[in-house]
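K.L.:
The structure follows.
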Amino acid sequence: MRETQEAPLSTTERSSEMAPLTRGAARRGAHRIRVLIADDHALLRRALHTLLDGQDGLEVVGEASNGRDAVESAERLLPDVVLMDMVMPGLNGIEATRQITKRVPGCRILILTAYLEDERLLQALRSGANGYVVKNSDLEELLLAVRSVHRGNTYFSSAVSEEIAVNEVLMQAKQPVARTGYDLLTNREREVLQLIAEGYSNQRVADELVISVKTVEAHKAHIMSKLHARNRTDLIRYALKHGLVGLENPDLDEPLAGSRAASA
């Protein structure tokens, strides 16, 4: 795999025009690349930590088990690169990426996922991600990806380039998007939507976000209005369709977890 700062769009590494380089740019070349690992699977996190920490020029500075932890850890630890899983509880990787790129300028986001779909890649790029690597990549490619996005490139693993029309997705990601549906939701409404889709009752959502049940109900009403949803099942279907939660979350053919406690 060839590496270049100004490669044509058909190569697997492309010059990044997506995120400002401020804090990170000043430090590049002077220190180890500081990596934060965000994944809800503990065994995978530890395996990645062991594999990456101590590699020449790399240092793992922290781990996060969900999207909210990833955002908080990024603000606190100021990593150069975040390895971001796409589907995590509480706050998904796409929304966490969007928040980190706003709150921690210069931090680079490398999506590490099992999903190999055009729509997922498009969501990642629009959220501000700087690279997209599938989880069956080997260590050599993962190291190349981390170092590449840290240098300011946008990186796609070879499997992505082989299966997805990357050029078209890149061009689509740069086009202005009309604000509809999910784009109209506030950060808090997006968190509430994901928790509802994960089967949380109104009370559990309130406890998780440290807000009142009445506030949760108000958020849910706004979400349903913006997404034209009629009930909680519609919200779960929307979340599944748009990749906000994984298929391991509530099965629509079975009773929804928490729905008996809060159907309002």
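K.L.:
Of everything in the stretch 169-180 that's at pLDDT below 80 and loosely packed, with under 13 Cβ neighbours inside 10 Å, which residue is nearest to Y132 (Cα to Cα)?
P.N.:
Taking the candidates together, the pick is K174.
K.L.:
So, one more: May I ask you to list the residues in the stretch 91-133 that are polar (S, T, N, Q) and in contact with a Lys or Arg (Cβ under 6 Å, 6 or more places away or on another chain)?
P.N.:
Answer for the stretch 91-133, where residues must be polar (S, T, N, Q) and in contact with a Lys or Arg (Cβ under 6 Å, 6 or more places away or on another chain): S127, N130.
K.L.:
Do we find that R76 is among the basic types (K, R), farther than 29 Å from K241 by Cα and either outside the structural domain of A206 (by TED's automatic domain parsing) or in contact (Cβ under 8 Å) with a residue 60 or more places away in the chain (or both) in this structure? Break it down stepwise before answering.
P.N.:
Numbers: among the basic types (K, R): yes; farther than 29 Å from K241 by Cα: yes; either outside the structural domain of A206 (by TED's automatic domain parsing) or in contact (Cβ under 8 Å) with a residue 60 or more places away in the chain (or both): yes.
The answer is yes for R76.
K.L.:
What's the number of the condition A129 fails, among (1) of a type in the set (A, V, I, L, M); (2) assigned to a helix (DSSP H, G or I); (3) within 19 Å of the chain's Cα centre (by Cα)?
P.N.:
Exception for A129: condition (2).
K.L.:
Shifting gears a bit: Within the stretch 114-142, track down each residue that is closer than 17 Å to G67 by Cβ and surrounded by fewer than 24 Cβ atoms within 10 Å (Cβ to Cβ).
P.N.:
Correct list: A114, Y115, R120, R126, S127, G128.
K.L.:
Could you pull out the residue among E75, E59 that is among the charged types (D, E, K, R) and either assigned to a helix (DSSP H, G or I) or crowded, with 17+ Cβ neighbours inside 10 Å (or both)?
P.N.:
Of the residues listed, the single one that is among the charged types (D, E, K, R) and either assigned to a helix (DSSP H, G or I) or crowded, with 17+ Cβ neighbours inside 10 Å (or both) is E75.
The values are calculated or read from the model by the stated rules, or taken from the named source; none is laboratory data. What you are looking at is a predicted structure, and each value in this text was computed from that prediction instead of being measured. Cβ: placed from backbone, ideal geometry, glycine included. Neighbour counts: every protein chain shown.
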